[in-house]
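Each remark here refers to the structure printed beneath this line.
What follows draws every value from the coordinates through simple rules; no lab data is involved. Just so we're clear, the structure is a prediction, and the values are computed from it rather than from any experiment. Here the Cβ is made from the backbone with ideal geometry for all residues, glycine too, and neighbour counts use every protein chain on show.
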Amino acid sequence: MKLPEKCENIMEIREAIDTIDKEIIELIGRRFNYVKEIVKFKEKDKDSIIAKDRYNQVIENRRILAVKNGLNPDLIENIYKSLINHFIDKEIEIVENLKLRK
């Protein structure tokens, strides 16, 4: 993939963006695999799953990373809150399904 400033036309830029988006989605999928496994190590109550201190720490750290990368920290915070909240819901589903199997 060419560097952005080396692209010679809009198609090259769009192809690069599509490639990056594919990589981002694959990484989110990898992240989700870890999320599914973390329930093994958490208490099976909602507060432990939500892990509010960890949640706040992750959000703050992602804001810092956003700034370091020239991105809007509010945008990155919103993206991560949405992502993490979705994954928390999935963790709760996993725990509830485990309880039903017992």
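Figures for the structure shown
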quantity: Positions within region 1-60 being outside any helix (DSSP H, G or I), surrounded by 13 or more Cβ atoms within 10 Å (Cβ to Cβ) and not charged (D, E, K, R), in sequence order; calculated: Cys7, Val39, Ala51
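Residues checked against (1) touching a residue at least 40 places away in the same chain (Cβ under 8 Å); (2) out of contact with any helix residue (DSSP H, G or I) (no Cβ under 7 Å at 6 or more places or on another chain):
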residue	(1), (2)
Glu23	no, yes
Tyr34	no, yes
Lys44	yes, no
Lys52	no, yes
Ile59	no, no
Asn72	no, no
Glu77	no, no
Ile84	no, no
